[in-house]
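Presented below is the structure to which this report refers.
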Amino acid sequence: MQINPYLFYDGNCEAAFTYYEKALGGKIELMLRNEEAPPEMPSPPERKKKIMHARISIDGQVLMASDAPPEHFHKPQGFSVSLTVGDPAEAERKFNALCEGGSINMPLGKTFFSKGFGMVIDQFGIPWMVNCPLDQYSH
């Protein structure tokens with residue numbers, strides 16, 4: 001069995017995944033647009049270029065997402081995508097990249113459980129936690 005986060009964006013899924021590919025070292029594996037669906041699954045003209053399903057791999061972990069139809073989009077809340085990074089310098093680099101155009105909820109800093117932990121909402125509205133755990137908390 002596999003468990004993966006599935007994120008819903010407010011029309012900016014492609015921009016988000018393109019950014020994550022660059023900033024987090026990910027690899028977009030799939031970017032399926034509404035216009036690529038079979039004829040029996042029509043979409044309004046303004047949604048043709050929107051993303052029906054996307055998949056990105058980041059260090060062997062998979063995030064999936066799509067652009068939610070406007071009437072179904074809700075601002076993300078009640079969760080964070082957790083990014084665990086072994087090297088403190090790399091954790092700081094990734095945290096800073098996620099902060100670009102976003103807002104910091106908790107600056108990256110040392111904690112009793114971590115060499116560096118911080119929380120941010122990225123420029124696409126997705127909440128993230130970046131953690132560089134101490135060895136005894138890395139499992």
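The values are calculated or read from the model by the stated rules, or taken from the named source; none is laboratory data. No experiment lies behind these values; they were computed from the predicted model shown. Cβ: placed from backbone, ideal geometry, glycine included. Neighbour counts: every protein chain shown.
Applying the selection to region 25-69, what residues are among the hydroxyl-bearing types (Ser, Thr, Tyr) and within 13 Å of the chain's Cα centre (by Cα)?
Across region 25-69, the qualifying residues are SER57, SER66.
Which one of LYS48, LYS75 is basic (Lys, Arg), out of contact with any strand residue (DSSP E or B) (no Cβ under 6 Å at 6 or more places or on another chain) and under 22 Å from ASN105 (Cα atoms)?
From the options LYS48, LYS75, the qualifying one is LYS75.
Starting from region 123-139, take each residue that is more than 13 Å from PHE112 (Cβ to Cβ) and touching a residue at least 12 places away in the same chain (Cβ under 8 Å) and list its partners that are surrounded by 19 or more Cβ atoms within 10 Å (Cβ to Cβ) and polar (S, T, N, Q), counting only C-beta distances under 9 angstrom and pairs at least six apart or across chains.
CYS132/SER114
Please work out which one of (1) assigned to a loop (DSSP other than H, G, I, E, B); (2) under 17 Å from LYS22 (Cβ atoms) is the condition PHE95 fails and give its number.
For PHE95, the exception is condition (1).
Going by the structure shown, is ALA91 in contact with a strand residue (DSSP E or B) (Cβ under 7 Å, 6 or more places away or on another chain), closer than 17 Å to CYS13 by Cα and either modelled with pLDDT of 95 or more or outside the structural domain of GLU14 (by TED's automatic domain parsing) (or both)?
Against the criterion (in contact with a strand residue (DSSP E or B) (Cβ under 7 Å, 6 or more places away or on another chain), closer than 17 Å to CYS13 by Cα and either modelled with pLDDT of 95 or more or outside the structural domain of GLU14 (by TED's automatic domain parsing) (or both)), ALA91 does not qualify.
Could you name every one of the strands (runs of 3 or more DSSP E) located completely within region 1-90 that has at least 3 residues being among the aromatic types (Phe, Trp, Tyr)?
Correct list: 6-9.
Being hydroxyl-bearing (Ser, Thr, Tyr), surrounded by fewer than 17 Cβ atoms within 10 Å (Cβ to Cβ) and assigned by TED's automatic domain parsing to the domain that holds CYS13, is that true of even one residue in region 59-66?
No, because not a single residue in region 59-66 is hydroxyl-bearing (Ser, Thr, Tyr), surrounded by fewer than 17 Cβ atoms within 10 Å (Cβ to Cβ) and assigned by TED's automatic domain parsing to the domain that holds CYS13.
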